[in-house]
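Scroll down for the structure; my scribbles are underneath it.
Please treat every number below as a calculation from the coordinates, not as lab data. Everything numeric in this text was worked out from a predicted model, so none of it was measured. Cβ coordinates were reconstructed from backbone atoms using ideal geometry, including for glycine residues, and neighbour counts include every protein chain displayed.
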Amino acid sequence: MWNALKDASSLLIANFAPSSANRNPEIEAAVIKATNHNNSRVDYRSAQLIFAWIRVSGHYIRPVMSALSTRMERTHTWTVALKGLMLLHGIFSCKVPAVQKIGRLPFDLSNFKDRRPNMNQQEAFIRAYYTFLSKKSSFMAKHSDDKKEGTLRNGTKEKPKQSSMTQHLVWLENLQGLLDMLLEIKPQGEKMNVLVLEAMNCIMLEIYDIYGRICKGIAAVLVRIYSLGKTEAGMTFAIMQKAAVQADNLSRYIEFCRDFGVTKASESPKIVHIRKEDIQELEQIINRASSPEKVKKSIQNEEDKSMIPVEDSDIIKKTDSFQLVVT
């Protein structure tokens with residue numbers, strides 16, 4: 001009852017707030033409704049209204065983020081904080097340039113504490129979720145101009161410049177870092193609120209998306225294996241070693257979520273497990289490809305698979321196993 005009165009009071013204040021570049025009473029009201037104190041349901045209608053505004057015009061992102069930041073800074077209730085993070089996660093899915101350039105978040109939940117005692121599990125979940133979203137926001141801002149610079153993941157058939165290859169590898173490393181953070185977000189205890197399960201569905205979809213992008217990104221590097229310099233070869237090998245570890249961790253995480261009752265965990269795509277023998281074989285190929293004595297014609301027309309020496313044709317076949325379509 002008290003929480004409902006708090007929401008009603010916040011809505012009343014929002015309705016009388018003056019409009020400005022950073023404040024919009026209608027948007028503030030929608031944010032309050034989408035992050036209400038009700039711990040048994042999510043107001044998807046208000047959230048979808050906010051997403052629709054942002055998709056109509058990037059100018060709406062400022063009042064939306066201002067209203068969300070004010071809401072998050074004032075709350076000491078994990079229900080409101082979690083709904084705010086889910087709303088932010090949905091905002092990140094709006095494919096508009098303004099969202100890509102948010103960068104550093106205007107609020108901080110890294111030390112979130114609920115006003116009530118014995119909320120350690122919920123607090124830990126909020127902090128881990130916030131840490132990922134904060135890092136993702138910085139990631140999007142950092143790589144927002146990559147399309148303009150022609151990185152490999154744009155699907156271009158043109159031979160990439162060395163700087164573009166390095167940029168692509170850095171992008172892959174950062175994606176793997178995001179995946180590590182996602183795997184740290186775990187519900188605790190035998191039973192948690194239904195809102196946590198809703199949030200976990202969002203997180204599972206994010207995991208599938210990032211894992212798919214990593215797989216496709218690795219495949220784009222492997223088909224250009226003979227154009228790698230020494231630095232790029234070292235980065236590629238480290239990425240492949242990391243991918244092998246993450247595949248095992250991801251399988252365990254999905255199994256944990258499936259047992260916990262997360263609906264989207266049952267929709268997992270096939271996880272590509274990289275054998276130790278594959279890593280060793282890749283290391284040998286990279287060493288040959290990046291050595292000064294590499295055969296000149298092995299790098300000619302690297303897009304044409306028929307030009308790759310027969311002894312190394314397996315690496316192209318292995319590339320197919322990293323191609324993943326996530327729906």
Could you calculate the contour length gain from Arg115 to Phe92, that is, 0.36 nm times the residue separation minus the distance between their Cα atoms, to one decimal place in nm? 5.4 nm
In the structure displayed, which of Lys33/Lys216; Lys142/Lys216; Lys101/Lys276; Lys83/Lys216 lie more than 28 Å apart, Cα to Cα? Lys33/Lys216; Lys101/Lys276; Lys83/Lys216
Once both labels are modelled 7 Å past Cα along the beta-carbon direction, what's the Asn249-Ala141 spacing in nm? 2.5 nm
Can you sort Ser40, Ser137, Ser93 so the residue with the fewest Cβ neighbours within 10 Å comes first? Ser40, Ser93, Ser137
Taking 7 Å along the Cα-to-C-beta vector as the label spot, tell me the Ile279-Glu123 distance in nanometres, rounded to one decimal. 3.8 nm
Can you compute the modelled spin-label distance between Asn174 and Val223, with each label point 7 Å from Cα toward Cβ, in nm? 2.4 nm
In the range 174-236, trypsin sites (Lys or Arg not before Pro) in a DSSP loop with at most 10 other beta-carbon atoms within 10 Å: Lys191
Kindly provide the trypsin sites (Lys or Arg not before Pro) of the range 94-139 that DSSP labels as loop, not H, G, I, E or B, and whose Cβ sees at most 15 other Cβ atoms within 10 Å. Lys95, Lys101, Arg104, Lys113, Arg115
